[in-house]
Amino acid sequence: MSKAVASRAAQSKTTQGVREQALEESLELLKTITTRSSFYARKFAGIDLATIKDAESFQALPLTTKEDLRDAYPLGLAAVPPSQIVRIHSSSGTTGTPVIIPYTAKDVQDWAIMFARCYEFSGITREDRIQITPGYGLWTAGIGFQLGAELLGAMAIPMGPGNTDRQLQMMMDLQTTVLGATSSYALLLAETIAERGIGDRIKLRKGVIGSERWGEKMRTRIASELGVDLHDIYGLTEIYGPGIGINCEAQTAMHCWDDYLYLEIIDPDTGAVLPDGESGELVITTLQKEGAPLIRYRTRDLTRIVPGDCPCGSPYTRIETLIGRSDDMIKVKGINIFPAHIEEALSVTEGASSEYQVMIDHLNGKDIMTVFFETASPEEHRPYIELALHQAIKDKLSLSVVSKAVNLGDLPRSEKKTKRIFDNRY
Ligand code: ZN
């Protein structure tokens, strides 16, 4: 591990140790937060922060939501004078006012350190050539990959999204060894490489895949078609950006950097903190942020904290691959459904590919859910695959759906996040 990336948390030997230290630092933060941040001075008005001295009282503090951040537009989150802000990023709000996050020079540096640590955890070194396909600009994707690559000392190839022909040309000409991408763009590249039969001219060995939850089947396809080891990178613009956690080489859960973050899992309905191991919504407190410190921020990401220590020996807390977003949950006939449920059903359905799209309609007084999935199988086999998927979803959710096979490549691919569930009922 390089000097730049060495951390204080690693001095503690166990996950429990680093989590206790992160809680201590969260409590410490409360001593100064209301004098630094007018946002929190308002939010915590009427709360005697001096009485918050342990996990239990910390868990009683109000959560910070995306709506709170929107209300602070444009620079209401800033906890430093404007002259100390060196950059802003903005999260891509699908509706209404965006969220703007101000960064100080230290925030930018800390983000680079975390991202470089992610590369190191994935076995990426300064000898690697990293082709960066996420977008550059107001949002944090491409620039995070770039910062980390430069701090590590690897060669960054800052392509940004799109223009698949040029991406593949550069990948061959520069002998790119690492691909940074969303899962849907990695799949599109993998499929194009296979179609054109240029696999032997591609030298990729690692994929760092971010910003989207994805199923096991898609992972296996991308890994085998690109011939790479895949690593899920985690992050969100409100909390630096991508690079706050990544899966190690031991297994698929993602280590998150407890020297910068304190993690909690809550019940998304009641807000109550859940014990380690139980699934719920991830809530993050930033320990070192200057520009826009956040306390108990609701990420909307659903996951769980994996209890115990990782076989790789790193004490950093692990969260499981995201199972969805709390706002992706849809209710059909009274049953809560997440995209992960559909992906799991697809993964046990022989002949079904990883790509799918769900349509929910209301017809003749009834909700009807249709699952379109891609398959390479010939027409005459498709009714059997449709039946198998219907049964797999019924077993999992006790819900009858209409299951419909389409050709490989028929469903939309996107360079950003692929929307898979369309609720046409309202
Ligand atoms: Zn590990």
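The values are calculated or read from the model by the stated rules, or taken from the named source; none is laboratory data. These numbers come from a predicted model, not from an experiment. Virtual Cβ from ideal backbone geometry, glycine too; neighbours counted across all protein chains shown. To get the accessible areas, we keep the full protein, side chains included, count just its heavy atoms, and leave off ligands, DNA and RNA. Shrake-Rupley method; radii C 1.70, N 1.55, O 1.52, S 1.80 Å.
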> If you check residue 219 against the conditions, is it touching an Asp or Glu at 6+ places or on another chain (Cβ under 9 Å), open to solvent by 10 Å² or more (accessible area, probe 1.4 Å) and of a type outside the set (Val, Ile, Thr)?
Replying inline: yes
> So which residues in region 327-341 are open to solvent by 20 Å² or more (accessible area, probe 1.4 Å), outside any loop (DSSP other than H, G, I, E, B) and either within 13 Å of the ligand (Cβ to nearest atom) or closer than 23 Å to residue 264 by Cβ (or both)?
Replying inline: 327, 328, 336
>> Residue under question is residue 419, and the condition is that it be within 26 Å of residue 189 (Cβ to Cβ), without any contact (Cβ under 8 Å) to a residue 24 or more places away in the chain and either of a type in the set (Phe, Trp, Tyr) or open to solvent by 80 Å² or more (accessible area, probe 1.4 Å) (or both); does it hold?
In response: yes
> Looking at region 306-326, which of the residues that are within 14 Å of the ligand (Cβ to nearest atom) and of a type in the set (D, E, K, R) is nearest to residue 17 (Cα to Cα)?
Replying inline: 309
>> I'm trying to understand the selection: among the residues of region 60-75, which are part of a loop (DSSP other than H, G, I, E, B) and out of contact with any helix residue (DSSP H, G or I) (no Cβ under 6 Å at 6 or more places or on another chain)?
In response: 60, 61, 62, 63, 65, 73, 74, 75
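Residues are listed down the side, and each one gets a yes or a no for (1) within 15 Å of residue 241 (Cβ to Cβ); (2) over 19 Å from the mean Cα position of the chain (by Cα); (3) open to solvent by 20 Å² or more (accessible area, probe 1.4 Å):
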site: 91; (1), (2), (3): yes, no, no
site: 111; (1), (2), (3): yes, no, no
site: 120; (1), (2), (3): no, no, yes
site: 137; (1), (2), (3): yes, no, yes
site: 141; (1), (2), (3): yes, no, no
site: 181; (1), (2), (3): no, no, no
> For the subset of region 286-308 comprising residues that are among the basic types (Lys, Arg) and open to solvent by 20 Å² or more (accessible area, probe 1.4 Å), which member is farthest from residue 343 (Cα to Cα)?
Replying inline: 298
> Hey, residue 282 hits all of (1) open to solvent by 10 Å² or more (accessible area, probe 1.4 Å); (2) without any contact (Cβ under 8 Å) to a residue 40 or more places away in the chain; (3) away from the ligand (no atom under 16 Å from the Cβ) but one; which does it fall short on?
Replying inline: (1)
> Within region 35-67, how many residues turn out to be at pLDDT 95 or above, open to solvent by 70 Å² or more (accessible area, probe 1.4 Å) and of a type outside the set (Gly, Ala, Ser)?
Replying inline: 9
> Pick from 90, 83, 57: which is outside any loop (DSSP other than H, G, I, E, B) and more than 28 Å from residue 326 (Cβ to Cβ)?
Replying inline: 83
> Taking only pairs six or more apart or across chains, which ones have beta-carbon atoms under 8 Å, a first residue in region 309-325 that is open to solvent by 60 Å² or more (accessible area, probe 1.4 Å), and a second residue that is among the β-branched types (Val, Ile, Thr) and within 12 Å of the ligand (Cβ to nearest atom)?
Replying inline: 309/15; 320/252; 320/306
> On the given criteria, is residue 22 part of a loop (DSSP other than H, G, I, E, B), small (Gly, Ala, Ser) and at pLDDT 95 or above?
Replying inline: no
> How many residues are hydroxyl-bearing (Ser, Thr, Tyr) and closer than 19 Å to residue 144 by Cβ when one looks only at region 155-176?
Replying inline: 1
> Which pairs have Cβ atoms under 8 Å, sit 6 or more apart or on different chains, and link a residue in region 30-48 that is within 16 Å of residue 289 (Cβ to Cβ) to one that is of a type in the set (S, T, N, Q)?
Replying inline: 40/34; 43/64
> When region 220-253 is examined, which residues are found to be within 13 Å of the ligand (Cβ to nearest atom) and assigned to a strand (DSSP E or B)?
Replying inline: 231, 232, 245, 246, 247
> Residues 115, 121, 145: which one is within 27 Å of residue 340 (Cβ to Cβ) and within 16 Å of the ligand (Cβ to nearest atom)?
Replying inline: 121
